[in-house]
Amino acid sequence: MATILQIVNRILPEINLPTLTALVGNTNQTAVRTLALANREGRELATHPWRILIKRHIFTTVSSADAYGLPSDFRQFVDGTFWNDDNDEIAFGPVGDQRWQADLSGLTTTYINDRWQLRADGNSNKIFLRPEPTSAEDLTFFYVSDGWCRTKSGTRKTEWSADTDVLLLPELVYELGLKVRLLRAQRRDFTLELAEYQRELNKEKARDGGMETVRILGPSDDAFYPGRIPDTGFGS
């Protein structure tokens, strides 16, 4: 994995700009602009749920507490992954406001599965659960992290703040995207570079994490084992 300084110094000569000895903290106009655009490209590229950004979160409920905080690097949920590990049941959600309000203030309904909703609690979003927990249970879900780069030691970050920071996203796609941004900022033609960027972005999205095998009988989570026929004694 390349550092941000290495990435930048691969791109600059391709668009006839001098390489940099330092990026972060450098007051050179090229460095200042490049750093700003490098952070912008990272934030935008990270809006796609790349596999490197998918993480699993587990939290334990507390009796009579219906609101729970999100991971500090939370960006968005991965749909259909919210489960109660204690009873091996899926938790339904996110539940719409109208249905949630009817449950709270209108209708009295008995549900088998947990339900959840994401909404504000003070100045931050929290997960709200129904029915209100009465004991300690482990709930879990997958989510997309907003940490698209990391420090040299491995701590994830949401922007470049040191020349030794390392990119977690696909390097070629990131380089092409940053090149387009630099050319556009200089009011230079970037038609060919944009086409290359979009082509490589689509290819990388398609192969990121691999793909499930398509079966003529439809999707299945069961392992497929071909049948075995003995050489002798068949039917006996």
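Being within 30 Å of P170 (Cα to Cα), modelled with pLDDT of 95 or more, in contact with a strand residue (DSSP E or B) (Cβ under 6 Å, 6 or more places away or on another chain) and not charged (D, E, K, R) holds for only one residue in F128, F142, and it is F142. Looking only at residues of the range 119-161 that are aliphatic (A, V, I, L, M) and buried (at least 16 other Cβ atoms within 10 Å of the Cβ), we find that the one that is nearest to T61 (Cα to Cα) is L139.
The requirement of being under 16 Å from L45 (Cβ atoms) and modelled with pLDDT of 70 or more is not satisfied by L183. Checking each residue of the range 82-103 against the condition of being of a type outside the set (S, T, Y), in the same structural domain as P131 (by TED's automatic domain parsing), buried (at least 16 other Cβ atoms within 10 Å of the Cβ) and closer than 30 Å to P170 by Cα gives at least one match.
One residue is enough: does the range 37-47 have a residue meeting the conditions over 14 Å from C149 (Cα atoms), surrounded by fewer than 13 Cβ atoms within 10 Å (Cβ to Cβ), of a type outside the set (S, T, Y) and not assigned by TED's automatic domain parsing to the domain that holds D85? Checked the range 37-47: no residue is over 14 Å from C149 (Cα atoms), surrounded by fewer than 13 Cβ atoms within 10 Å (Cβ to Cβ), of a type outside the set (S, T, Y) and not assigned by TED's automatic domain parsing to the domain that holds D85.
Every listed requirement among (1) in the same structural domain as Y68 (by TED's automatic domain parsing); (2) among the hydroxyl-bearing types (S, T, Y); (3) free of Cβ contacts under 8 Å to residues at least 60 places away in the same chain is met by S153 save one, (1). Output the residues belonging to the range 203-225 that are in a loop (DSSP other than H, G, I, E, B), over 17 Å from I54 (Cβ atoms) and modelled with pLDDT of 65 or more. T213, V214, R215, I216, L217, G218 - these are the residues of the range 203-225 that are in a loop (DSSP other than H, G, I, E, B), over 17 Å from I54 (Cβ atoms) and modelled with pLDDT of 65 or more.
The values are calculated or read from the model by the stated rules, or taken from the named source; none is laboratory data. All values derive from a computational prediction rather than experimental measurement. Neighbour counts are summed over all protein chains in view; Cβ atoms, including those assigned to glycine, are modelled from backbone coordinates with ideal geometry.
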